[in-house]
Every structure is written in structure tokens, then in C-alpha cells.
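The values are calculated or read from the model by the stated rules, or taken from the named source; none is laboratory data. All values derive from a computational prediction rather than experimental measurement. All Cβ positions, even for glycine, are placed from backbone atoms using ideal geometry, and neighbour counts span all protein chains on display. Each accessible area value is taken on the protein alone, full model and side chains, heavy atoms only, with ligands, DNA and RNA left out. Shrake-Rupley method; radii C 1.70, N 1.55, O 1.52, S 1.80 Å.
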Amino acid sequence: MTMRRWQLAHGRHLDLGAKAVVMGILNVTPDSFSDGGLFDAPQKAFEQARRMIDEGAAIIDVGGESTRPGAQPITAGEEQRRVLPVIEQLADEGRALISVDTFRAETARLAVAAGAHIVNDVWGLQREPGIAAVAAETGAGLVIMHTGRERDVLADVIADQTMFLGKSLEIARQAGVPDDCIVLDAGFGFAKETAEINLELMARFDELHGLGFPLMAGTSRKRFIGTVTGREAADRAAGTAATSVILRLKGAHLFRVHDVAINVDALAVADAMLALEAARRNTP
């Protein structure tokens, strides 16, 4: 596993490679697809963040607008009203790194000022390219996610990843974002309409290393896992953990999940096997 140092805002960094890193999903929304309304009050959100940190999450990803298909759009002001108090409280406690899940440049700027270390953009900088300038100016870590929404996609899943993320990386570089601030996310489930497409992307995930950046996997509770297992969204923790292990063995560095404990344990087993294989390769 290639070792990388991910540079983040506020003078922080995260070393990637030796151990899988888990990012806990904290949706402070009323309408997210599997946990909408559970943590939309600041105190409930903070308690859930503490629970995920205790279970082993190194990063808490705070999102204020649902990204599920057909979700009702909200204003930037409403998004900021939801996420900023939670980010401020998490920053005050200082137990975990903080990510903000937003495509809006102004929300990202305010979130980093409130204490966030990472900006996670599910539109890959292509909805509001100004978000790249925010990352460059603040030194925030930047997660650039692939999506097929609102555009034509190429038939080959890896070719489409390369095309879309290549454009996103050009936006980041033109804005002055250093390469060591960037992580790429393959965007499982985002306009990848069938289980077969997502499974092919998972099977070929190691081809994404050709892009030259650390990789994040976000399969948590996704519909394709439900198709395979027959389970509803809230009951897909085991299926998610299985995908996490597969993707870790294919070189993913970070894992964005709802159910932290089961994924931390599953990834610990995968890491132990990877460490043993590495030791055997290095033994004369």
C-alpha cells in the first residue's frame, strides 16, 4: 500500500496507507436516505459524532443537504444554519478531524473558518468551481467525488471516472490546490443506476490508482448493496463492511460510512492480512 501524507487545514495532516481510515457520516438533515431526521438537532448530532469517534472514526463528515435522488434543494443559508454549529462544537472538543460535505464555496469557507479540516464535494468541483479556490486559500483537504448526474456518461466505468475526475483535477490545479491536499472518491451510487455498474466499479477499483491520488470509498448503505442482500437501507451494515474489505484489498485508503464499529473491525482484519502479506514479500 502506497503511503501518502494528506495535508489538511489548520496545520493538520493525515498519513494514509498503513491503516484504513474511517470517516463517519453525520447527516444533520431531515431527509437523507437512511438516517434523515435522526441527527438534525445540534445536540443529537454531537452525541452521534461522539459515538462514532468512540467507535474508531478518525474523521466526522458533516452534511447539511441530502444528496439522495429527488431530494428537495435547500438554500445556502439553511445549509449553513444546520452544519456550522455542529462543526464549531466538534472543533471545540477537538477529538476528531472534521469534514464538511458541501458543493457550495461559501459554505465551505465558513465551515473551514469554524474549524473544519476537509471539504468533501460530491459534485467534483463542477457545480461551483469556486470551491477549489476555497480549498487552495485555506489549505483544506479536498475530497473530489465522481458523479454521473446531469450529464452523459461513457459506457466504460473507468473511462468515465478518468474523464470526469481529470476535468475536476484540472479545476483544482488551476485554482492552486496542491496535489497533496487531494483525495478522490469514485462516487458509488451517484448516477450509477444498477447493481452491476457499481459491482464492476468495485471489481475494477484498483485501476483508479492510475490517477495518482489517494482513494476514498463511499458505499455505505447504498442501493446496490440492498439489491445484492435484499436488505433495507438501515440493515446494510454487514453488506457495507464486506464492500469496505474488498475495496481495502484493492487499495482504498479512506472509508465513508454510517456504521462505524463494524467497518472499523472489518478493516482491521483486512489491514492485518495486508501487513502479513507485506512482511512475507519483504522476507528474504
Extension gain (nm, one decimal) between THR2 and GLU196, 0.36 nm per residue minus Cα-Cα:
67.0 nm
Sorted by accessible area (1.4 Å probe), largest first, how do GLU170, GLU150 line up?
GLU150, GLU170
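Which translational diffusion coefficient, to the nearest whole µm²/s, is obtained for the range 103-254 from the Stokes-Einstein equation, given a Kirkwood hydrodynamic radius over C-alpha pairs, 37 °C and 0.692 mPa s?
It diffuses with D of about 207 µm²/s by this estimate.
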As a test question: what accessible area, to the nearest 10 Å², does VAL119 have when a 1.4 Å probe is rolled over all protein chains in place?
0 Å²
Solvent-accessible heavy-atom area per residue, rounded to whole Å², over the chain at 1.4 Å
42 Å²
Once the Cα gyration tensor of the range 44-148 is found, what semi-axes does its equivalent ellipsoid get, as square roots of 5 times the eigenvalues, in whole Å, sorted largest first?
21, 16, 13
Estimated [θ] at 222 nm from DSSP helical runs (n ≥ 4, -39500 (n - 2.57)) normalised by residues in the chain, nearest 500:
-13500 deg cm²/dmol
Which residue fluctuates most in the GNM of the chain (Cα springs below 10 Å): GLY124, GLY63, GLY17?
GLY17
At 7 Å along the Cα-to-beta-carbon direction for both ALA76 and ARG50, put a label point, then send me their distance in nm to one decimal.
3.4 nm
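Please compute, over every Cα-Cα pair in the chain, the percentage with a separation greater than 34 angstrom.
Taking all Cα-Cα pairs of the chain, the fraction more than 34 Å apart is 12 percent.
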What does the charge count around GLN7 come to, taking other residues whose C-beta lies under 12 Å from its C-beta (Lys +1, Arg +1, Asp -1, Glu -1)?
0
Which residue fluctuates most in the GNM of the chain (Cα springs below 10 Å): GLU93, GLU65, GLU232?
GLU93
The Kirkwood hydrodynamic radius of the range 207-268, taken as the inverse of the mean 1/r over all distinct Cα pairs, in Å, comes to 11.9 Å
